[in-house]
Amino acid sequence: MIQLNRYIEHTLLRADATIDQIITLCQEAVRHQFAAVCVNPAYVSLAAHLLTGTKVKTSTVIGFPLGATLTKVKAYEAATAVQNKAEELDMVIPIGAVKAGQWEAVLADIRAVVAAAEGNLVKVIVETSLLTDEEKRRVCDVVLQSGAHYIKTSTGFAAGGATVADVALFKTIIGDTSRCGIKASGGIKTAEQAYELIQAGATRLGTSSGVALVTAP
């Protein structure tokens, strides 16, 4: 039986998020034994402190939400997040470079963050709603080459979010090995959606609706 709570990264990345909301987010994550919380970099230290001694991981975002930050800035942001006790980093790729077919630049961008992460998990957000199927295949291959630990569908800030079709496509490329996980994120509002994405191959779910998903009748 699928333990849905263990797939969920309880997420709050809104620009107007407050300290009190981050505290509540972490309390909910501990109560429901979620896999992680995902917060903006300014709240990493707070979240890590609140989650000390629990099994819930502290995750943050890098180059978020556009991915158009300079690579060296992403690397600095990643290193600083790790210093602040982030255990997992969700970075946005340079999407414009993907659209231009600049695959070496995309690979170098990811590798810089992986190096700065010092062994902590790196999830690569590829923003599937902006890519063609061929670009999705190519970027999945790049993520596999990069040393990152997950490919992630979406930021949740673009026009589209996670789809079963995209997760299934990534799964056909990654296969059944454990070398790379698949994080579905963006627009996951119901338990039915969550289970469909897991059955398609998702190994993590990023959602701001985690409590609703696990308490639904």
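General remarks:
- Residue list for the stretch 3-52, restricted to those being over 14 Å from the mean Cα position of the chain (by Cα) and of a type in the set (S, T, N, Q): Gln3, Asn5, Thr18, Gln21, Thr24, Gln27, Gln33, Ser45, Thr52
- Set Glu77, Glu127, Glu87, Glu118: member being at positive phi, buried (at least 18 other Cβ atoms within 10 Å of the Cβ) and touching a helix residue (DSSP H, G or I) at 6+ places or on another chain (Cβ under 9 Å): Glu127
- Taken over the stretch 7-20, the criterion of being closer than 15 Å to Ile188 by Cα and not hydrophobic (A, V, I, L, M, F, W, C) is satisfied by Tyr7, Glu9, His10, Thr11.
- Helices (runs of 4 or more DSSP H) completely within the stretch 62-181 that count 1 or more residues being closer than 20 Å to Gln199 by Cα: 133-146, 164-174
- Subset of the stretch 135-155 that is of a type in the set (Gly, Ala, Ser) and either modelled with pLDDT under 95 or under 19 Å from Ala105 (Cα atoms) (or both) - its residue that is surrounded by the fewest Cβ atoms within 10 Å (Cβ to Cβ): Gly147
- Selected residue (criterion: farthest from Ile95 (Cα to Cα)) from residues of the stretch 24-74 that are crowded, with 24+ Cβ neighbours inside 10 Å and among the aromatic types (Phe, Trp, Tyr): Phe34
- Entry remark, the stretch 16-50: residues being assigned to a loop (DSSP other than H, G, I, E, B) and of a type in the set (Asp, Glu) number 1 in total.
- Any hit, the stretch 184-207, residues being within 19 Å of Ile2 (Cβ to Cβ), in a loop (DSSP other than H, G, I, E, B), touching a strand residue (DSSP E or B) at 6+ places or on another chain (Cβ under 6 Å) and hydroxyl-bearing (Ser, Thr, Tyr): yes
- Residue pairs whose Cβ atoms lie under 7 Å apart, separated by 6 or more positions or on different chains, with the first residue in the stretch 84-99 and closer than 13 Å to Ala112 by Cα and charged (D, E, K, R) and the second modelled with pLDDT of 95 or more and in a loop (DSSP other than H, G, I, E, B), do not occur.
Rundown of residues vs (1) touching a Lys or Arg at 6+ places or on another chain (Cβ under 9 Å); (2) buried (at least 16 other Cβ atoms within 10 Å of the Cβ); (3) closer than 28 Å to Ala15 by Cβ, yes/no style:
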{"position": "Phe157", "(1), (2), (3)": "no, no, yes"}
{"position": "Ala162", "(1), (2), (3)": "yes, yes, yes"}
{"position": "Ala165", "(1), (2), (3)": "no, no, no"}
{"position": "Leu169", "(1), (2), (3)": "yes, yes, no"}
{"position": "Ile174", "(1), (2), (3)": "no, yes, no"}
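The values are calculated or read from the model by the stated rules, or taken from the named source; none is laboratory data. Given the structure is predicted, the values throughout are model-derived calculations rather than measurements. Cβ: placed from backbone, ideal geometry, glycine included. Neighbour counts: every protein chain shown.
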